[in-house]
């Protein structure tokens, strides 16, 4: 299969590039390095050095004997899509090319404007590239579990059958996200569903929870092939922040009450899920939606897990609640369905103590590179 | 009250300008003439001549002794908002500044891109202008009944209480629109609701049906103060198309089966509704939503009404179904609630025979200016 990957330099894009190449597919990746630029602008660089996309593609090709292709460019420019689609003719496109930081998306007007513009225009350009140049191409889009927010009813997989005053209709599950970034993914979903039903496109939308981990069959080949590891307040995830705080000997910072529950998954499982979605495409005029997570934890549960394992490793981990910079429910109902990908064959890798030990050991190797100033929240939208 | 009107040169923007000035408010209007430009580019000019915004504001000020202010500029540029908000400091903003044509929004990539970009960026800029410079300002946004599409359950006013597996949650009513233009208004609603609940803004979103009519207390003062009347396939509404076809002696073109039901209202009632919404503002952190229509008709019912009145006037009206250029249900359930504005005091002006007669008489005055080539659909998205 010819697979085009948008956002190929990202935390997920890069391991996906190597994974599909290893599976025997022809892989072409595009990135504009906007995450690297924003990381520089906000002093939020990743912990470990990551060669740029072209350099690590070359390195991977040498190590593996495979042939990743890539191109640096801005997908807001439709001419880039036109050029790539006429040259490469993809059978599937994996779309990760979004500004993914919630705090950055609300840092100020310019950052909000950029996030809305980038995320919507890239998705919209992709839809038109498929309509005009490759109507049979299957789009696999990365959404987020954050689109649903934290409703007081069970979260179904993308759709909801509603009975109202004795009549019935099936709708997209109502979405209500907690940041502008997450809201742009709600808008993406609305937009894709419009084009899918109007132009008979094939789209799979993966509602993914936060991902942790650095190890995959391919990243393990060479330390320089690791994906980026952010622990800062802009791109850092909760799990990464706790790992770095444990290693740096500073308290794990729990935002507010710590009752915020989310669905998590291992990087290895993201690759399984994206692979399963790509190999089981949506039909014409179908928007397939899966909830992509393997287990749920509250912030407090994650802090306790990291503390337990860190203490066993002699790190002496403390936990310290701080005021929540975000506007979010800190104590809420959360019950997401996530059976679709299991039915396709997903075999979960859970967040075991062993997994935490190996992540802490990986971070310990870079302990001296940790910049503690990057960790505390600089953007607040809970006034 | 200081009222800022975005899209002041439009079919609704212009009568709204005069209405609020007449009610004693200080009124400032902005427009970039994009509808006039698109009308030129697509040979879709209005039937009657309309002086430009500055000229007709001057004319109205002379006739009325009032003082409309206006400015020509592009609201996608945030600096225009910054300049206007620092100069005028509005208490309320009425936001009509969107590309409103469904066929134009799907004419091709460039038109789709422009529609998405213009509509989302103007709404987003407005939200940030209010956040940064006038957090107490009330936003009155024109949405569309088209956001809901034609679901098989009753359409409530903006919100829906859902009970699912024994638990309850109140959501935005799920939306599913029939064109990209209508979908941009779905995205606007999602975006506004995010900012309302996160930054405690005050927003009223009016889900309006198609509007007909040219006559208001102010437009009746001088023929040159009439709003634009489009009957073409790009900006023309169904009612206007039928009126012009009746006058031109060509058959009324019903798209497909003609069972498409929509909610309609008189231009006079739009002014009443926008006035009521402005004078009954949303509270901090509240998104008020009203369904703005007074009666529902199918396409066939409207054709029959125009035929009946036209025949009485000796016009000899015929009706002719043509293939539907749009992808839409032609025979569907439709039951929208619309009690909120009635409860605030709306007194409907219905589509009576007298109203149809006066509109036909108005069109008859311009019979010689009708260009029949502009009427048949040039954009098709039902393949």
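Every number here is computed from the coordinates shown, using simple stated rules; none is lab data. On a predicted model such as this, the values are computed, not experimentally measured, just so you know. Virtual Cβ from ideal backbone geometry, glycine too; neighbours counted across all protein chains shown.
Nearest 500 deg cm²/dmol is fine: what mean residue ellipticity at 222 nm does chain B get from its DSSP H runs of n ≥ 4 alone, each adding -39,500 (n - 2.57), divided by its residue count?
-12000 deg cm²/dmol
Tell me, what is the percent relative contact order of chain B, built from C-alpha pairs under 8 Å that lie six or more residues apart?
19
Let me check the size of the stretch B:11-74 from its C-alpha atoms; what are the radius of gyration and Dmax in Å?
12.6, 38
Using Cβ contacts closer than 10 Å as the measure, can you line up A:195, B:133, B:334 from fewest to most?
Neighbour counts put them in this order, fewest first: B:133, B:334, A:195.
Percent of alpha carbon pairs in the stretch B:81-171 separated by more than 18 Å?
Cα-Cα pairs in the stretch B:81-171 separated by more than 18 Å: 62 percent.
Averaged across B:147-160, how many Cβ atoms of other chains sit within 10 Å of each residue's Cβ atom?
Per residue, the average neighbour count from other chains is 3.
Label point 7 Å out from residue A:337 along Cα-to-Cβ: which residues of the stretch A:151-188 have amide N under 16 Å?
Once the point is set 7 Å along Cα→Cβ of residue A:337, A:151-163, A:169-175 turn out to lie under 16 Å by backbone N, inside the stretch A:151-188.
With no solvent and one equal point scatterer per Cα, compute the Debye intensity ratio I(q)/I(0) for chain B at 0.09, 0.12 Å⁻¹ and report its log10, rounded to two decimals.
-0.50, -0.92
When DSSP assigns beta bridges and you keep just the ones with both residues in chain B, what percent turn out antiparallel, to the nearest 5?
The answer is about 20 percent antiparallel.
In a GNM of chain A with a 10 Å cut-off on Cα contacts, which of A:29, A:143, A:65 has the highest mean-square fluctuation?
Comparing A:29, A:143, A:65 in a Gaussian network model of chain A, the most mobile one is A:65.
Considering only C-alpha atoms, what is the centroid distance from the stretch A:1-70 to the stretch B:260-312, in Å?
Result: 53 Å between the Cα centres.
Distances over 11 Å make up what percent of all Cα-Cα pairs in the stretch A:143-194?
Percentage above 11 Å: 70.
With just the Cα atoms of the stretch B:234-383, tell me how far they stretch along each of the three principal axes, in Å, largest first.
Reported extents, whole Å, longest axis first: 52, 38, 25.
At a Förster distance of 45 Å, what's the computed FRET efficiency of residue B:37 paired with residue A:87, Cβ-Cβ distance as r, to 0.05?
It comes to 0.85.
Go ahead and set up a Gaussian network model of chain A, Cα springs under 10 Å, then flag whichever of A:350, A:255, A:96 fluctuates most.
A:350
Can you check how the C-alpha radius of gyration of the protein assembly as shown compares to 2.2 N^0.38 Å, as a plain ratio?
Ratio of Rg to 2.2 N^0.38 Å for the protein assembly as shown: 1.01.
Which distance in nm do the two modelled labels at residue B:200 and residue A:312 give, with both placed 7 Å along the Cα-to-Cβ direction?
For residue B:200 paired with residue A:312, the spin-label model returns 4.6 nm.
Run through the other copies and list how far each one's label point is from that of residue A:358, in nm with one decimal, shortest first; the point sits 7 Å from Cα along Cα-Cβ.
7.8
What's the FRET efficiency of residue B:110 with residue B:295 using the Cβ-Cβ distance as r and R₀ = 35 Å, to the nearest 0.05?
Here the calculated transfer efficiency is 0.40.
Between the stretch A:74-93 and the stretch A:109-168, what is the C-alpha centre distance in whole Å?
The stretch A:74-93 and the stretch A:109-168 have Cα centres spaced 21 Å from each other.
What fraction of the Cα pairs in the stretch A:3-128, stated in percent, has a spacing above 18 angstrom?
When every Cα pair of the stretch A:3-128 is considered, 53 percent fall beyond 18 Å.
Using a basic spin-label model with each label point 7 Å from the Cα along Cα→Cβ, how many nm lie between residue B:380 and residue A:163?
So the label points at residue B:380 and residue A:163 sit 4.2 nm apart.
Take residue B:248 and residue B:133, extend 7 Å from each Cα along the Cα→Cβ direction, and tell me the distance between the two endpoints in nm.
Simple spin-label model gives 4.3 nm for this pair.
To one decimal in nm, how far is residue A:73 from the same spot in the other copies, if labels go 7 Å from Cα toward Cβ? Please give the shortest first.
Sorted ascending, the copy-to-copy spacings read 3.6 nm.
As a test of the definition: which semi-axes, in Å, follow for the stretch A:186-272 when you take the square root of five times each eigenvalue of its alpha carbon gyration tensor? Largest first, please.
Ellipsoid semi-axes (Å, largest first): 32, 20, 10.
Between A:370, A:131, A:162, where does the largest GNM mean-square fluctuation fall for chain A, given springs only between Cα atoms within less than 10 Å?
A:162
Given an 8 Å cut-off on Cα distances and at least 6 residues of separation, report the relative contact order of the stretch B:86-243 as a percent.
Answer for the stretch B:86-243 is 27 percent.
On the Cα set of the stretch A:222-292, report Rg and Dmax in Å, please.
Gyration radius and largest Cα-Cα distance of the stretch A:222-292: 17.0, 53 Å.
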